[in-house]
Amino acid sequence: MTRTKKKSEHYVNNAEFLEAMKAYKKAVDKAKKEKQEKPPVTDYIGSCFLKIANHLSYRPNFINYTFRDDMISDGIENCLQYLDNFNPAKSNNPFAYFTQIIYFAFVRRIQKEKKQVTIKQKLIMDNNYDDITLQPGEDREFKNQFKEYLQKNMRIEEPTKKEKKVVKKKKTSTTTKFFG
């Protein structure tokens, strides 16, 4: 008895997605010619964006973030923003195109959140702990324990800045000396 492997269905069918993108592009071009408002994105295209963003958020490099919903929202927003840039004449793979857009939206959200965490940590370290930690009715012992915990466990990470590379050009001499 031979076993046949079931062909696994992908969550987004690229061929159907491409046809939907072609139809949407035609509708947008028609609206531009007739000087009408751009048509809304179809439900199928929107559901494809949502599926791509959800599945991409389950990758190991994105799964453990608490702001995963924000990442998904940013990805979908960027897809809608750059929807008109997809050209079916140049590419027949809208899945890859929009996956890249969502991927980089995720990376940008992670960078924004890291900057915010750094700012919060600096504010806590610079401010008076009494203003932050001591609530009415609490004693000093609690405040001191919380202060020690923060000092031991808070690492302040500076966001990395990209350095510009300086390219030095060699000086070329136009005059030559002959020794003889």
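Brief remarks on what is shown
Listed here are the residues, each with its yes/no results for (1) modelled with pLDDT of 95 or more; (2) assigned to a loop (DSSP other than H, G, I, E, B).
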{"residue": "Cys79", "(1), (2)": "yes, no"}
{"residue": "Asn87", "(1), (2)": "no, yes"}
{"residue": "Glu138", "(1), (2)": "no, yes"}
{"residue": "Phe146", "(1), (2)": "no, no"}
{"residue": "Glu158", "(1), (2)": "no, yes"}
{"residue": "Lys169", "(1), (2)": "no, yes"}
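- Hits in segment 75-110 (condition: among the aromatic types (Phe, Trp, Tyr) and either closer than 21 Å to Pro39 by Cβ or free of Cβ contacts under 8 Å to residues at least 60 places away in the same chain (or both)): Tyr82, Phe86, Tyr97, Phe98, Tyr103, Phe104, Phe106
- Considering residues of segment 47-74 that are small (Gly, Ala, Ser) and free of Cβ contacts under 8 Å to residues at least 24 places away in the same chain only, the residue most open to solvent (accessible area, probe 1.4 Å): Ser73
- Residue match in segment 27-34 (condition: closer than 28 Å to Val107 by Cα and out of contact with any Leu (no Cβ under 7 Å at 6 or more places or on another chain)): no
The values are calculated or read from the model by the stated rules, or taken from the named source; none is laboratory data. As the structure is a prediction and not an experimental result, all values here were calculated from the model. Cβ atoms come from the backbone with ideal geometry, glycine included; neighbour counts cover every protein chain shown. Surface accessibility is based on the protein's heavy atoms, side chains included, excluding ligands, DNA and RNA. Shrake-Rupley method; radii C 1.70, N 1.55, O 1.52, S 1.80 Å.
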